[in-house]
Amino acid sequence: MRLPGVNVKLLPIKAHFFLMNGGTTPLTPYLTTIAKQRGYSARLVGAVFSVLPLTAVLARPIFGAVADHYRCQRTMFLSFIVVITLITASYKFVPDQPVNVNNERDETALSTHQFWLFCAFLVARYVSNSIISTLSETMCLQNLGKDTHKFGQQRLWGCIGWGSVSMMMGWLIDWYSSGSMVKDYTPGIIVSVVFLLTDLLVAFKIEDCQSDVVSKHIFKDLKKVFNDIKVVCFLVWVVFFGIFYGSISLYLLWHMEELVTKYHPEKYSSIKTIQGTLIAVKCFGGEAPFFFLSGKIIKKVGHLNSIVIGLAALSLRFFLYFIIKDPVWVVPVEILSGLGFALPYTAMTAYGSMLAPEGLKSTVQGLFSTFFQGVGVSLGSLITGYLFNELGSSYTYLVLSILALFVCCIQTFTIRIMAKTSKLQDNSNVNTEG
């Protein structure tokens, strides 16, 4: 039975985003705090999490190119859902760090096999997740056809999955760990595996709309794309956005725990509940509405101006992190994630698809994702980890607030220059034809 006004073809895509994000929520937001709990310093964690996106620099374009050349993106997509499910379940077999490492130097931690097993777990999980993300977004855009501006309306279901699971996950971890200063993430692993296995069943229903066109001159075609100055400017902004995104996604929960330790130790027993509530507010109060509205906003203001709006929102968001001392008050700040993440992320994804030649959709989408995650988030992790260690978490976000405002101003100026240059070229072409 067909529902009026509902595109049945897109329902499996929506369900996949919901289940995949719901399946990664129980662990992904807490990975840096898990590392902190294992006794690693902010500097060491920053170094580790700066390397993780670099693995995606290699993995995304390589697997994207293989998917395009051999037209096997659906097979690859399903295979990596199986892989990430097995990797997630394997965390229970990663041994804990010896207790005395907490008071030892990072060099000592580097000599333990527990540290390297933990890193191997992180790398395998990150690479699998990044490939799934690239392929799922590519397949979504292929199913949308010319309606790429509706990408946000599909992606918001991932946000709903992320938010709805996080609402119970933080409380469940606190409850399961009650009476202990060490948080036990066993409930998260169980919930994650259940969601991912369900997602595998749903993913079989996603229609394969991969183009029959295969690029015979992949590097030559890509060179044409990157010879455009607009593309180069766009990539620079994507990298900065990745830096700012990494500083939040990897370190905001760490910052909240720093606030609890310094100002409100009485709230430590419920910190995971507070963090879970924050993720839910970010998803439902911030990202979901703007994923839904992003198509209309992008149509009105354009892709690049949408990124400008995102940078301005990030600057304000960082400043609020700096002045707030109670982690509970960080929660409502996440409403700004709609303007600071959902809108610009949708704009970047749709713009990347527009720039991609036929037959290179997965390849180009992988490359744009690489600049965001592989370069931007990697630098964000390294820089934020270093600043956390040297300045403390609050002053780090003050520095990032100033930097985001500066990049926002530079981008606004650059867009105006590019617009004027484009008009002059158009006028020149008209005069030549006349």
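The values are calculated or read from the model by the stated rules, or taken from the named source; none is laboratory data. Keep in mind the model is a prediction, meaning the values are calculated, not measured. Positions of Cβ are generated from backbone atoms using ideal geometry, with glycine treated the same way; all protein chains shown enter the neighbour counts. All accessible areas refer to the heavy atoms of the entire protein, side chains included, with ligands and DNA or RNA removed. Shrake-Rupley method; radii C 1.70, N 1.55, O 1.52, S 1.80 Å.
Restricting to segment 60-91, what's the tally of residues that are small (Gly, Ala, Ser), open to solvent by 10 Å² or more (accessible area, probe 1.4 Å) and in contact (Cβ under 8 Å) with a residue 12 or more places away in the chain? Walk me through it before giving the result.
Of the residues in segment 60-91, the ones small (Gly, Ala, Ser) are 64-65, 67, 79, 89-90.
Now drop any that are not open to solvent by 10 Å² or more (accessible area, probe 1.4 Å), which leaves 65, 79, 89-90.
Add one more test, that the residue is in contact (Cβ under 8 Å) with a residue 12 or more places away in the chain, and what stays is 65, 89-90.
Qualifying residue count for the region: 3.
Could you please tell me which pairs satisfy a Cβ distance under 6 Å, a separation of 6+ or placement on different chains, a first residue in segment 272-295 that is part of a helix (DSSP H, G or I), and a second residue that is among the β-branched types (Val, Ile, Thr) and open to solvent by less than 10 Å² (accessible area, probe 1.4 Å)?
Here the result reads 272/173; 294/346, each pair linking segment 272-295 to a residue that is among the β-branched types (Val, Ile, Thr) and open to solvent by less than 10 Å² (accessible area, probe 1.4 Å).
With respect to the numbered conditions (1) at pLDDT below 85; (2) open to solvent by 10 Å² or more (accessible area, probe 1.4 Å); (3) in contact with a helix residue (DSSP H, G or I) (Cβ under 6 Å, 6 or more places away or on another chain), which one is the sole condition not fulfilled by residue 172?
The number of the failed condition is (1).
Does residue 364 satisfy the condition of being at pLDDT below 75 and assigned to a helix (DSSP H, G or I)? Break it down into steps so the answer makes sense when it comes.
Details: at pLDDT below 75: yes; assigned to a helix (DSSP H, G or I): yes.
It is true that residue 364 is at pLDDT below 75 and assigned to a helix (DSSP H, G or I).
When you check residue 144 against the structure, is it open to solvent by 10 Å² or more (accessible area, probe 1.4 Å) and within 23 Å of residue 337 (Cα to Cα), yes or no?
Details: open to solvent by 10 Å² or more (accessible area, probe 1.4 Å): yes; within 23 Å of residue 337 (Cα to Cα): no.
Criteria not met by residue 144.
Specify which of the listed residues (244, 284, 240, 292) is at pLDDT below 85 and of a type in the set (Phe, Trp, Tyr).
Values: 244 fails: at pLDDT below 85; 284 fails: at pLDDT below 85; 240 fails: at pLDDT below 85.
Just one listed residue meets the conditions, 292.
Check 127, 165 and return the single one that is open to solvent by less than 60 Å² (accessible area, probe 1.4 Å) and within 18 Å of residue 194 (Cα to Cα).
Result: 165 is the single residue among 127, 165 that is open to solvent by less than 60 Å² (accessible area, probe 1.4 Å) and within 18 Å of residue 194 (Cα to Cα).
A quick yes/no check of all residues on (1) within 27 Å of residue 287 (Cα to Cα); (2) not charged (D, E, K, R):
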{"position": "18", "(1), (2)": "yes, yes"}
{"position": "31", "(1), (2)": "yes, yes"}
{"position": "39", "(1), (2)": "no, yes"}
{"position": "42", "(1), (2)": "no, yes"}
{"position": "66", "(1), (2)": "no, yes"}
{"position": "74", "(1), (2)": "no, no"}
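How many residues does segment 10-30 contain that are open to solvent by 20 Å² or more (accessible area, probe 1.4 Å) and under 23 Å from residue 114 (Cα atoms)?
The number of residues fulfilling the criteria is 1.
Which pairs do you get when a residue that is not assigned by the TED database to the domain that holds residue 338, found in segment 134-153, comes within reach of a residue that is aromatic (Phe, Trp, Tyr) and modelled with pLDDT of 80 or more, reach meaning Cβ atoms under 6 angstrom, with the pair 6+ apart or on two chains?
Close Cβ pairs (under 6 Å, with a partner that is aromatic (Phe, Trp, Tyr) and modelled with pLDDT of 80 or more) amount to 135/77; 152/291; 153/292.
In the same structural domain as residue 74 (by the TED database) and in contact with a His (Cβ under 9 Å, 6 or more places away or on another chain): which single residue out of 158, 163 fits that description?
Working: 163 fails: in contact with a His (Cβ under 9 Å, 6 or more places away or on another chain).
Of 158, 163, the one residue that is in the same structural domain as residue 74 (by the TED database) and in contact with a His (Cβ under 9 Å, 6 or more places away or on another chain) is 158.
Is there a residue in segment 345-352 that is part of a helix (DSSP H, G or I), touching a Ser or Thr at 6+ places or on another chain (Cβ under 9 Å) and of a type in the set (Val, Ile, Thr)?
Yes; the residues of segment 345-352 include at least one that is part of a helix (DSSP H, G or I), touching a Ser or Thr at 6+ places or on another chain (Cβ under 9 Å) and of a type in the set (Val, Ile, Thr).
Can you find even one residue in segment 186-196 that is assigned to a helix (DSSP H, G or I), farther than 25 Å from residue 373 by Cα and open to solvent by 40 Å² or more (accessible area, probe 1.4 Å)?
Initial filter on segment 186-196 (assigned to a helix (DSSP H, G or I)): 186-196.
Checking the rest, the ones that are also farther than 25 Å from residue 373 by Cα come to 186-187, 190-191, 194.
Then keep just the ones that are open to solvent by 40 Å² or more (accessible area, probe 1.4 Å); that gives 190, 194.
Taking every residue of segment 186-196 in turn, at least one turns out to be assigned to a helix (DSSP H, G or I), farther than 25 Å from residue 373 by Cα and open to solvent by 40 Å² or more (accessible area, probe 1.4 Å).
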